[in-house]
1. Among the residues of the stretch 356-372, write down those that are in contact (Cβ under 8 Å) with a residue 60 or more places away in the chain and either touching a Cys at 6+ places or on another chain (Cβ under 6 Å) or surrounded by fewer than 24 Cβ atoms within 10 Å (Cβ to Cβ) (or both).
2. Restricting attention to the stretch 52-76, which residues are closer than 19 Å to D363 by Cα, touching a Leu at 6+ places or on another chain (Cβ under 9 Å) and either acidic (D, E) or assigned to a loop (DSSP other than H, G, I, E, B) (or both)?
3. Restricting attention to the stretch 105-138, which residues are part of a helix (DSSP H, G or I), more than 30 Å from R289 (Cα to Cα) and in contact (Cβ under 8 Å) with a residue 12 or more places away in the chain?
4. Picking from V340, V353, V317, which residue would you name as being crowded, with 24+ Cβ neighbours inside 10 Å and over 30 Å from S154 (Cβ atoms)?
5. Can you go through A186, A206, A127 and tell me which one is of a type outside the set (D, E), modelled with pLDDT under 95 and crowded, with 18+ Cβ neighbours inside 10 Å?
6. Provide a single number: the residues in the stretch 86-104 that are at pLDDT 95 or above and either assigned to a helix (DSSP H, G or I) or loosely packed, with under 13 Cβ neighbours inside 10 Å (or both).
7. Filter the stretch 223-277 down to residues that are touching a helix residue (DSSP H, G or I) at 6+ places or on another chain (Cβ under 6 Å) and among the charged types (D, E, K, R) and give me whichever is surrounded by the fewest Cβ atoms within 10 Å (Cβ to Cβ).
8. Take I368 and decide whether it is under 14 Å from I89 (Cα atoms) and assigned by TED's automatic domain parsing to the domain that holds G272.
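The values are calculated or read from the model by the stated rules, or taken from the named source; none is laboratory data. What you see is a predicted model; the values in this text were computed from it and never measured. Because the Cβ atoms are built from the backbone with ideal geometry, glycine has one as well, and the counts that use them run over all protein chains shown.
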Amino acid sequence: MIRRVILIVLDSVGVGELPDASDFGDAGSNTLGHIASHVPQFVLPNLQMLGLGNIPGAGLDPVALPTAAFGRAAEQSRGKDTITGHWEIAGLVPDLVFPYFPEGFPRAIMDVFEARIGTPTLGNCPASGTVIIDELGEEHMKTGFPIVYTSSDSVFQIAMHEDIIPLERQYEICQIARDLLVGEFAVGRVIARPFTGGPGHFKRTANRHDYSIEPPGKTIMSYLTENGLQVKGVGKIEDIFAGVGISANKKTKDNQDGVDKTLEWMKESFTGLVFTNLVDFDSLYGHRRDVEGYARCLQEFDQRLPEILAAMHDDDVLILTADHGNDPTFQGTDHTREYVPLLVTGKPIQAGVDLGIRGTFADIGATIADMLGVPAESAGRSFAPIIRKTT
């Protein structure tokens, strides 16, 4: 019997372009493969022992006897963003495409937003979050006007200095934006981006908060909780799913804290799912096109993997995957449309099973529900029967 599944999303760790990558301007992208080819002596020994190098496109040496089942999954959703990736992992392939605003948000929206918060805004353009606070942070401190910006994701981001606008008010402002951005303007997320410091030394804090739209259908987490199981989130999981189907959530400061929080949940006795997002790969290194930083971040996680494996009970299963790509060697600063890796291990799992190419991320959600014995409708197909030990 499987009592718990620990699902860890290595945010943006893709393993090669999807067949339709050219439709998204991503032909030739390969996050992990290109990191491996650009960084000398790049190895991830613990992940490779599981079978990461046995996945086509990973760019790492394979091992003769992987200790995990391994494969890769394709995305069915017409997107390459965090929300659709996670929703699909959780068994839901949404029939929608989030709106993007590469020229900034229209005045029809901004005029109403500024009227509701009682102040003008700065920015209203696509930008890197660290760059825009360097450019506009001083003016923001002088005027008190929030900095609004977007990116290649479907997001409405608001940067505000914690000494100028208290956090509680920052969150109120973001909720106003979330309530406003509906219909044709229903971006995937409104994001509070608090920062501190002074000119030349501005720094974003860990008090980020995401305001997502609710999933447009049931995910496996809702099925689990409705059947009395627990779903413990780590990082931005609660935000991504707007709290729907999440029993409890631990916020994180960085990847290392995310591993710590995952281990904390694993020490507790419950039946259900631990669902973790480790975002640093994406936010700190993928978008900033920092190849060496991305490689180092992967190695840091690899060093923590033995702790996670050692904390597993005999009836636990660990699944490692990703939600999209973000090739740091690629042009621009956008996510890249790629396959995601799939590694599944634990005492109940047959080692070395090649899962091949799964047709949708939703196979992961279907498999989790199947493993935990919960009936659930899913856009995917469970691969539990081919990896579960029979004795």
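1. Matches in the stretch 356-372: G356, I357, R358, G359, T360, A366, L372.
2. I55, A68, A74, E75, listed by residue number.
3. Passing the criteria: I109, M110, V112, F113, R116, I117.
4. Result: V317 is the single residue among V340, V353, V317 that is crowded, with 24+ Cβ neighbours inside 10 Å and over 30 Å from S154 (Cβ atoms).
5. Just one listed residue meets the conditions, A127.
6. Number of matching residues: 4.
7. In this case the residue turns out to be D254.
8. Yes, satisfied.
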